[in-house]
Amino acid sequence: MKSIMSQRYRLLSGYSMPVFGLGTWLLTGATCERIVGMAIQLGYRLIDTAELYDNESEIGRAIRGIDRGTLFLTSKVSSAHLGTSDLIQACRRSLDHLGTDYLDLYLIHWPNDAIPIEYTLEGMQYLVEERAVRSVGVSNFDVERLRDAMAASDLPVCNDQVEYHPYRPRREIPEFCREHNIALTAYCPLAKGAVLRDPVLTRIGRRYSRSAAQVSLRWLHQKGAILIPKASSIQHLEANMALDGWELSVEEMHEIDTIGIEAKVVDTVYT
Ligand SMILES: NC(=O)c1ccc[n+]([C@@H]2O[C@H](COP(=O)([O-])OP(=O)(O)OC[C@H]3O[C@@H](n4cnc5c(N)ncnc54)[C@H](OP(=O)(O)O)[C@@H]3O)[C@@H](O)[C@H]2O)c1
């Protein structure tokens, strides 16, 4: 079995993305630059950012000098910029900040019902044709919005990024994504820390000498999700990538599936 650090998901665009990477929400300034640099040294290849995180320039500095082809950069356009020309301009700003000439994956950060999805996807199509973006996806889209996006353009919707962890098992979105071969990225895979002291995860983790955080990540990995835990220390960066060489049993997966706590950690009206 390949290490999680080298496993990739084949996207509908024909490109492939790492199944594990670094989330960077709330990482800013010198800390962001240092953590991203450290993560790359440890073997992280997927870096997840967004126009709204205000850290693309720091990430740009951290990746300077690294062979671009070895990295996978995801950014997201703010929902305020989903009109065709706004989107194109927002992407150009992100590219400029990141110091690169293409994004591996560009996501619609949040739906915006005031702007028809066709207009947004027209902009995305242009960016793909211009080779500024390789693959296109969405975030915080439920099944209904995913269906609308898929029907609105010939452009494949390659990825949906949603809150997904043991306290937000959201069965319908993973099932839909699996059915349509849409890569599903789990954001807040540690529920922003809320699962760290969960008794079920802690008890299961003890059997493998792993933490509740690692059990949460391993559960998502075995569900087929792409993981982007955020970390701001080398200890957490290393702990989060230690998912090889142990596996949760069917019974343990089921036990986590049925913890029964529903707790959203990101306040979204969409999903
Ligand atoms: N598309 C969207 O709308 C959206 C929304 C939210 C998040 N996201 C993306 O998803 C990424 C991950 O979500 P998130 O940052 O909100 O939360 P998260 O990854 O679920 O949790 C991060 C928290 O867990 C702690 N942590 C990390 N590794 C740990 C470990 N091994 N042991 C104990 N604690 C650990 C971190 O502490 P330290 O920082 O101290 O290491 C931080 O407090 C974001 O950074 C962002 O890229 C996307």
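Quick notes on this structure:
- DSSP-defined beta bridges in the chain - what % are antiparallel, rounded to 5: 15 percent
- Cα→Cβ-extended label distance, 7 Å offset, between Leu196 and Thr70, nm: 3.1 nm
- Pairwise centroid distance, computed over Cα atoms, of the range 70-117 with the range 148-203, Å: 20 Å
- Stretchable slack from Ala80 to Glu251, in nm (0.36 nm times residue separation minus alpha-carbon distance): 57.2 nm
- Our summary of shape: the Cα atoms of the chain have principal axis extents of 53, 41, 33 Å, ordered from largest down, in whole angstrom.
- Per-pair calculated FRET efficiency, R0 = 51 Å: Ala152 and Ala242 via Cβ, rounded to 0.05: 0.80
- The Kirkwood hydrodynamic radius of the range 1-104, based on inverse pair distances between different Cα atoms, is 14.2 Å.
- Separation in nanometres of the label points that stand 7 Å from Cα toward Cβ, at Leu26 and Lys264: 1.8 nm
- The calculated FRET efficiency for the pair Arg206 and Arg34, based on their C-beta separation and a Förster distance of 35 Å, comes to about 0.60.
- Residue among Asp96, Asp113, Asp148 with the largest mean-square fluctuation in a Gaussian network model of the chain, springs linking Cα atoms under 10 Å: Asp113
- Solvent-free Debye scattering, log10 I(q)/I(0), computed from the Cα coordinates of the range 201-269 at q = 0.24, 0.28 Å⁻¹: -1.21, -1.40
- The base-10 log of I(q)/I(0) for the range 66-186, evaluated at q = 0.09, 0.17, 0.20 Å⁻¹, reads -0.23, -0.82, -1.10 [Debye formula, identical scatterers on Cα atoms, solvent excluded].
- The ellipsoid equivalent to the alpha-carbon distribution of the range 127-271 has semi-axes of 29, 17, 14 angstrom, derived from the gyration tensor eigenvalues as √(5λ) and listed largest first.
- Per DSSP, loop trypsin sites (Lys or Arg not before Pro) in the range 111-158 with at most 16 further Cβ within 10 Å: Arg131
- Hydrodynamic radius (Kirkwood) for the range 20-79, which is based on Cα pairs only, to one decimal in Å: 11.3 Å
- Those residues of the range 227-248 whose amide nitrogen sits under 18 Å from the label point placed on Ser6, 7 Å along Cα→Cβ: 241-246
- The angle between the Cα long axis of helix 29-42 and the main principal axis of the chain comes to about 70°, on a 0 to 90 degree scale.
- Here the scattering of the range 76-142 is modelled by Debye summation over its C-alpha atoms, one equal scatterer each and no solvent; at q = 0.15, 0.22, 0.26 Å⁻¹ the log10 of I(q)/I(0) is -0.39, -0.84, -1.18.
- Exposure check, 1.4 Å probe, all protein chains in place: Cys188 carries approximately 20 Å² of accessible surface.
The values are calculated or read from the model by the stated rules, or taken from the named source; none is laboratory data. None of the values given here were measured: they were computed from a predicted structure. In this analysis, Cβ positions are derived from the backbone assuming ideal geometry, glycine residues included, and neighbour counts consider all displayed protein chains. SASA here: full protein model, heavy atoms, side chains in, ligands and nucleic acids out. Shrake-Rupley method; radii C 1.70, N 1.55, O 1.52, S 1.80 Å.
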